[in-house]
Amino acid sequence: MYIIKKIETLYKKIIILKKTNKKIGLVPTMGNLHDGHIKLILLAKKHVDIIIVSIFINPMQFNNLSDLENYPQTFRADCQILKEQNVDIIFVPYVSQIYPNGIKKQTFVEVPKLSEILEGQSRPGHFKGVTTIVSKLFNFIQPDFAFFGEKDYQQLLIIKMLVKELNYMINIISLPIIRLKNGLALSSRNNNLTNQENKIAPYLYKVIKATCKKIKKRKSYSRKEIIYSSRILLIKKGFSIDIFNIYNSKTLKNPSKNVKEVILLASVWLGKTRLIDNKKIFFN
Ligand code: PAF
């Protein structure tokens, strides 16, 4: 396993790899790897010959300095995990290489509209940071495939749009949310939960599941009423709600009555931790 820190070294390696005609897969991460990342790597193994995992805590996508400062850094443990998974290359660049002129002067890539709503409204500039770093990684590595989790559902749609509209020849493969037995979606941010919050957090998915079931049944209550009562339940449990609603799963706009597939998106705070989760609802 190679650990590459410099872009120039990575370029040289990629040139050699490209000559071998082997399929290259990129798993972009911000480190603090958990089971969800391991599942992404296992998924990547089914599609490609060479796996490159990037670890970069991207300052451009944090709209809040304390969030960036508190982001867990576990490079040694991450390397151990990646070694056990037989990853070929870890790319772990310095911030100064990625943003040599600073973030404010950085040329950026932005997917309009989709980046401005929901998470984008709550975290201004966040998706601009994501699409800029992901474009840079795509340019450095020129992967055939790139792998992303479905927990960050809006991010996934935005990246698919980026690939389509900027004509990247990259297949985007997504991995369904990986959960603990109690239903809590795996996330690096779960490490910030206190013991008490850890007991409450799984309640989010319980409410999501129950809400989706009721909406699918479409019995006596309207969607609005169902969502409203689920929000109240969550608030009573101690969550504060940023997003908890259903959307058209392709556009993230309000779903029309006869659409066949919607998604419930949840973005809530539990103490100082932002938890996000989602579940699709399919109508017959
Ligand atoms: O989902 C993430 O971990 C990050 O947003 C990503 C895609 C690695 C870009 O920094």
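Quick look at the numbers
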{"item": "Carbon/sulfur fraction of accessible area - the stretch 121-183, other protein chains in place, 1.4 Å, %", "result": "52 percent"}
{"item": "Antiparallel content of DSSP bridges confined to the chain, in %, to 5", "result": "50 percent"}
{"item": "Potential lengthening between LEU180 and LYS237 on full extension [0.36 nm per residue; Cα-Cα distance subtracted]", "result": "18.6 nm"}
{"item": "By average C-beta atoms within 10 angstrom, highest first, the peptides 148-155, 6-13, 252-259", "result": "148-155, 6-13, 252-259"}
{"item": "Helix 203-217 axis, angle to the chain major axis (alpha carbon atoms, nearest 10°)", "result": "60 degrees"}
{"item": "The stretch 232-284 - charge dipole about Cα centre, Lys and Arg +1 at Cβ, Asp and Glu -1, debye rounded to 20", "result": "40 debye"}
{"item": "Proportion of all alpha-carbon pairs of the stretch 196-244 beyond 13 Å (%)", "result": "55 percent"}
{"item": "Most mobile listed residue (ILE177, ILE16, ILE243) in the chain, GNM with C-alpha springs under 10 Å", "result": "ILE16"}
{"item": "Accessible surface ranking that places the most exposed of MET1, MET60 first, with a 1.4 angstrom probe", "result": "MET1, MET60"}
{"item": "Between the stretch 100-160 and the stretch 168-243, the Cα center-to-center distance that results, in Å", "result": "24 Å"}
{"item": "Net length gained if the chain between LYS45 and ASP67 were fully extended (0.36 nm per residue, minus Cα distance)", "result": "4.7 nm"}
{"item": "Expected 222 nm ellipticity per residue - DSSP helices of 4 or more, -39500 (n - 2.57), all of the chain, to 500", "result": "-12000 deg cm²/dmol"}
{"item": "Net length gained if the chain between ASN284 and LYS217 were fully extended (0.36 nm per residue, minus Cα distance)", "result": "23.1 nm"}
{"item": "Per residue solvent-accessible surface (Å²) - the chain, probe of 1.4 Å", "result": "53 Å²"}
{"item": "Label-to-label distance, nm, for residues given as LYS257 and ILE173 (7 Å Cα→Cβ offset)", "result": "4.2 nm"}
{"item": "In Å², nearest 10: area of LEU184 left accessible to a 1.4 Å probe", "result": "10 Å²"}
{"item": "Solvent exposure, largest accessible area first (probe 1.4 Å, DNA, RNA and ligands not counted), of ASP88, ASP49", "result": "ASP49, ASP88"}
{"item": "Loop-located trypsin sites (Lys or Arg not before Pro) in the stretch 157-195, at most 11 other Cβ atoms within 10 Å (DSSP)", "result": "LYS181"}
{"item": "Most fluctuating residue given options ILE55, ILE263, ILE103, as computed from a GNM of the chain linking Cα atoms under 10 Å", "result": "ILE103"}
{"item": "Residue of SER230, SER122, SER222 that the Gaussian network model of the chain assigns the largest fluctuation, springs spanning Cα pairs under 10 Å", "result": "SER222"}
{"item": "Of all accessible heavy-atom area on the stretch 187-284, the percent that carbon and sulfur account for (1.4 Å)", "result": "53 percent"}
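The values are calculated or read from the model by the stated rules, or taken from the named source; none is laboratory data. From a predicted model like this one, the values you see are computed outputs, not experimental measurements. Cβ coordinates were reconstructed from backbone atoms using ideal geometry, including for glycine residues, and neighbour counts include every protein chain displayed. Please note that ligands, DNA and RNA were not included when accessible areas were found on the heavy atoms of the full protein model with its side chains. Shrake-Rupley method; radii C 1.70, N 1.55, O 1.52, S 1.80 Å.
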